[in-house]
Amino acid sequence: MTIHSGHPFPTPSDPARRFRGRVGGGVTLWTSGVLGEDAAGLTVSSFMVALGEEARVLALVDPDSDLRETLVETGRAVVVPLGWDDRGLAEAFAGTAPAPGGAFRQAPFVATDFGPRLESATTWAGVELVDERDAGWSVEVAVRLAEIEIGDEADLLLHHRGRFHRL
């Protein structure tokens, strides 16, 4: 056995790979549009990050959702992996919990070039729509990772068997 001074599992330099490591099996919030005007958002847990020269996110969204419509109109969105403390926000954007004044009033958001971003989010991606196609009862959207911010790791929110779990 040899002991080395370096870390045996160094942090990869590829930001898309680091982003994927923070969202695997997690719950994300997708937002698009202009905050306070035509912004739309949706909780999405059916997605994956595909690595490559042009990394992409493939996600399944409701074909009748405001998010899909706004994403198609603007061609851009923000994807935020949600943390354990965001589970109420996840329910609000999923439409499964009351959201007095609308889902965007349940937490502070800031405007970005890609859409509204949850102010507390330290890890997020700005994405650009590449393609969409029908996939079962959903629409598969393919988006290009255009901008990635990697922040501190938090307790990620996972959705498994109809319940939220903390990672």
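Read-outs: derived from the displayed coordinates by stated rules, not from any lab. Bear in mind the structure is a predicted one, so any value in this text is a computation, not a measurement. Here the Cβ is made from the backbone with ideal geometry for all residues, glycine too, and neighbour counts use every protein chain on show.
Per DSSP H run of n ≥ 4, the term is -39500 (n - 2.57); total these for the chain, divide by its residue number, and report the mean residue ellipticity at 222 nm rounded to 500 deg cm²/dmol.
My calculation for the chain gives -4500 deg cm²/dmol from helical runs alone.
Which value, in debye to the nearest 20, gives the size of the charge dipole of the chain about its Cα centre, when Lys and Arg are +1 and Asp and Glu are -1 at the Cβ?
Computed charge dipole of the chain: roughly 680 debye.
Can you work out the Karplus-derived ³J(HN,Hα) for every residue in the range 75-85? Use 6.51 cos²θ - 1.76 cosθ + 1.60 with θ = phi - 60°, whole Hz, and x for glycine or proline.
Each residue of the range 75-85 in turn: x, 9, 7, 10, 10, 10, x, 8, x, 3, 5 Hz.
Given [x] 204; [y] 115; [z] 142, which label gives volume of the Cα convex hull per residue in Å³ as computed from the coordinates?
Identified label for the calculated read-out: [z].
For the range 106-167, give the magnitude of the charge dipole about the Cα centre (Cβ charges: +1 Lys/Arg, -1 Asp/Glu; no others), in debye to the nearest 20.
Taking the Cα centre of the range 106-167 as origin, the dipole is about 380 debye.
Modelling each spin label as a point 7 Å along the Cα-to-Cβ direction, I'd like the R163/A135 distance in nm, to one decimal.
Between R163 and A135, the simple spin-label model gives 2.7 nm.
Using a Gaussian network model of the chain with C-alpha springs under 10 Å, which one of G88, G101, G41 is most mobile by mean-square fluctuation?
G101
Spelling out what I want: for every residue of the range 143-157, take phi, set θ = phi - 60°, compute 6.51 cos²θ - 1.76 cosθ + 1.60 (Karplus), and round to whole Hz; glycine and proline get x.
So the J values, rounded to whole Hz, are 10, 8, 6, 8, 9, 10, 10, 10, x, 5, 7, 10, 6, 6, 8.
Might you report the magnitude of the Cβ-based charge dipole of the range 60-108 about its Cα centre, with Lys and Arg at +1 and Asp and Glu at -1, to the nearest 20 debye?
In total the dipole reaches around 140 debye.
What's the extension gain from D85 to D38 if we count 0.36 nm per residue and subtract their Cα-Cα distance?
Working it through step by step, the gained length comes to 14.3 nm.
Using +1 at the Cβ of each Lys and Arg and -1 at the Cβ of each Asp and Glu in the range 89-167, identify which of V141, T112, H160 lies farthest towards the dipole's positive end.
Value: H160.
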